[in-house]
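Peer 1: Here you go, one structure.
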Amino acid sequence: MPTIAKSLLPTASPAHTLRLILGDQLNPQHSWFATVRPDVVYVLMEMRQETDYVLHHAQKIIAIFAGMRALAQQLREAGHRVHYLAIDDPDNQQSLTDNLNALMTHYSVQVFEYQDPDEYRLDQQLQAFLAKPQVQASSPRGISASSSCVDSEHFYTQRHEVAELFTQRKQWLMETFYRHMRKRHRVLIDGADKPAGGQWNFDAENRKPWKGTPPEPPDLRPRHDHNALWATIQAAGVQSFGEAAASHFRWPVNRLEALQQLDHFITHALPHFGDYEDAMSRKAHRLFHSLLSFALNVKLLNPREVVGRVEAEWRAGRVELAAAEGFIRQVIGWREYVRGIYWAQMPGYDERNFFDHSTPLPPWFWTGDTRMNCLAASITASLHNAHAHHIQRLMVIGNFALLAGLDVQALHRWYLGVYIDAFEWVELPNTLGMSQFADGGLLATKPYVSSAAYIDRMSDYCKGCAYEKKQRLGESACPFNALYWDFYQRNADKLERNPRIGMAYRQLAKMPPEEVAALQAQAQQTRLRLDTL
């Protein structure tokens, strides 16, 4: 871990340009860094503004700060001027704009430059800051400071491309966008815009449960000792939750480590990723997932190199097309798509609540202490690792939250805080749109809910659970079952005309009225005792 010296503002020499690097902009290959300019100062800031806007997982805070410090050291070693504000720096005002005001004055800055922020709140904060008169007169020598924003050079798309593609369309289907992206960037394309293998999507082939074989690949990620950094974070008064794991930290904090993790995934996990991408097991929390989302979202890796490597493996005959396509769809399709949804729908998307759900999150969201094995396993893994894969997030935790009517905004804040890869541009559409259907169907074509049957089919969670997976009524009945039918019954006015869920309503119609009433009563009792499930 590089040591970050305390800033000594009175001794620094002037600089023509100040360039801001945010905590999720850790790309050492950005064109900014191609030329060493002694009149340019790069600034990175550890701030309470960022640690405190929601309650974050300890590993998320450590990873971002460690990554920022590693990049600062790398830039210094390359000859760049770097001003680093550590969390305990006496000159750190803990606010982005307050720090920028001080630095622009101190360095007599003439030009302020920054990369496109990926979160709306930061974008608005910078826009408001730059609109203030004092920014234009930030230099004590009376030199006006101009500003410019540059691309982060990371995403395939610009912010508003998705909105432009779906102009005048009521529903923004990811599959439409995904095919557009495949054609535009010639990914898994043969001939004249024809999909490799003759079909665009192999999702139906990627739904196998994992029975223990093939074995989960070994975890070859490096181990870091971040005890000193963690002590600094705690001493600064930063609040967090989850296991810090500071003495054996496993997340990549520089590009070399991220590339090594990509290599490991390609060699050891990708061949089986497709078959088991939706599987869950208490015996293996990683299974064949890449765990590259953090490295991608802080821009240690570029999505083009990840997609290119995966496609090359298929073309070389080392992985099945279904595995390659399934992974590529997540990166070039889903990841770019939800970012476009985010920028098209903000501000206000974070306030959507189609079902008016408002039940507080049970306390076991912060402990994992519930008798429901599936939720205990998924939440405990999240708390221990700051990570859970997409099916655990969607079809276990999110599924239960939607069925139980949990507070959508509180759930959004929990997801944003608990996962190391969660930044609002990617987390918010996934939580409010995909998981909770809170946008009323803009993103998802139906609510993603299930009874215990789906969880049992895709996992080993139901074995040994305190609740009976096939039982609908009674003390030992799995809570998912009654909640599932009650969800459809109480939301019939909003959902029954949705053609994708017609079967559920046909089944409800066939049930005797007394059975429906019993299921509703069971669900009501379950919602009243969420804290003790």
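The values are calculated or read from the model by the stated rules, or taken from the named source; none is laboratory data. Model, not experiment: these values are computed from the prediction. Methodologically, a virtual Cβ is constructed for each residue, glycine included, from the backbone with ideal geometry; neighbour enumeration extends over all protein chains shown. Remember, those area values only see protein heavy atoms, side chains included, never the ligands or the DNA or RNA. Shrake-Rupley method; radii C 1.70, N 1.55, O 1.52, S 1.80 Å.
Peer 1: Spot the failing condition for M434; the list is (1) closer than 27 Å to I379 by Cα; (2) open to solvent by less than 20 Å² (accessible area, probe 1.4 Å); (3) within 29 Å of the chain's Cα centre (by Cα); (4) of a type in the set (A, V, I, L, M, F, W, C), and only one is missed.
Peer 2: (2)
Peer 1: Take segment 394-434 and flag every residue that is in contact with a strand residue (DSSP E or B) (Cβ under 7 Å, 6 or more places away or on another chain) and among the aliphatic types (A, V, I, L, M).
Peer 2: Answer for segment 394-434, where residues must be in contact with a strand residue (DSSP E or B) (Cβ under 7 Å, 6 or more places away or on another chain) and among the aliphatic types (A, V, I, L, M): A404, L406, V418, I420.
Peer 1: Could you please tell me which pairs satisfy a Cβ distance under 7 Å, a separation of 6+ or placement on different chains, a first residue in segment 213-231 that is over 17 Å from S290 (Cα atoms), and a second residue that is open to solvent by 40 Å² or more (accessible area, probe 1.4 Å) and of a type in the set (A, V, I, L, M)?
Peer 2: Listed by first residue and then by second, the contacts come to H226/M1; A228/M1; L229/M1.
Peer 1: Among the candidates A324, A312, which residue alone is at pLDDT 95 or above and either open to solvent by 20 Å² or more (accessible area, probe 1.4 Å) or among the β-branched types (V, I, T) (or both)?
Peer 2: Among A324, A312, only A312 is at pLDDT 95 or above and either open to solvent by 20 Å² or more (accessible area, probe 1.4 Å) or among the β-branched types (V, I, T) (or both).
Peer 1: Any residue in segment 264-279 that's assigned to a loop (DSSP other than H, G, I, E, B): show its pairings with residues that are among the small types (G, A, S) at Cβ separation under 6 Å, as long as the two are six or more apart or on different chains.
Peer 2: From residues that are assigned to a loop (DSSP other than H, G, I, E, B), the pairs are E277/G326.
Peer 1: Find all pairs meeting these conditions: Cβ atoms under 6 angstrom apart; at least six residues apart or on different chains; first residue within segment 49-73 and over 16 Å from A228 (Cβ atoms); second residue among the small types (G, A, S) and crowded, with 23+ Cβ neighbours inside 10 Å.
Peer 2: H57/A386; K60/A386
Peer 1: Does any residue of segment 341-349 turn out to be over 23 Å from H56 (Cβ atoms) and part of a loop (DSSP other than H, G, I, E, B)?
Peer 2: Looking through segment 341-349, at least one residue is over 23 Å from H56 (Cβ atoms) and part of a loop (DSSP other than H, G, I, E, B).
Peer 1: Among the candidates L259, L188, which residue alone is within 21 Å of the chain's Cα centre (by Cα) and of a type in the set (A, V, I, L, M, F, W, C)?
Peer 2: L259
Peer 1: Please specify each residue of segment 167-198 satisfying the condition of being farther than 12 Å from R329 by Cβ, of a type outside the set (G, A, S) and assigned to a loop (DSSP other than H, G, I, E, B).
Peer 2: T167, Q168, R169, K170, Q171, W172, L173, R186, D193
Peer 1: Here's something else I'd like to know. Can you pull out every residue in segment 392-418 that is among the aliphatic types (A, V, I, L, M), closer than 26 Å to D275 by Cα, open to solvent by less than 10 Å² (accessible area, probe 1.4 Å) and within 16 Å of the chain's Cα centre (by Cα)?
Peer 2: Once the filter is applied, which keeps residues that are among the aliphatic types (A, V, I, L, M), closer than 26 Å to D275 by Cα, open to solvent by less than 10 Å² (accessible area, probe 1.4 Å) and within 16 Å of the chain's Cα centre (by Cα), segment 392-418 yields only I397.
Peer 1: Would you check which residues across segment 254-308 are among the basic types (K, R) and open to solvent by 20 Å² or more (accessible area, probe 1.4 Å) and list them?
Peer 2: R255, R282, K283, R286, R304
Peer 1: Would you confirm whether any residue within segment 45-55 is part of a helix (DSSP H, G or I), out of contact with any Leu (no Cβ under 9 Å at 6 or more places or on another chain) and open to solvent by less than 10 Å² (accessible area, probe 1.4 Å)?
Peer 2: yes
Peer 1: Quick check on this structure: which one of R182, R159 is open to solvent by less than 50 Å² (accessible area, probe 1.4 Å) and in contact with a strand residue (DSSP E or B) (Cβ under 7 Å, 6 or more places away or on another chain)?
Peer 2: Only one candidate passes the filter, namely R182.
Peer 1: Take R309 and tell me if it is over 21 Å from the mean Cα position of the chain (by Cα), of a type in the set (K, R) and assigned to a helix (DSSP H, G or I).
Peer 2: So R309 fits the description; yes.
Peer 1: Looking at (1) within 21 Å of D356 (Cβ to Cβ); (2) at pLDDT 95 or above; (3) open to solvent by less than 80 Å² (accessible area, probe 1.4 Å), can you tell me which one R529 breaks?
Peer 2: Result: R529 passes all but (1).
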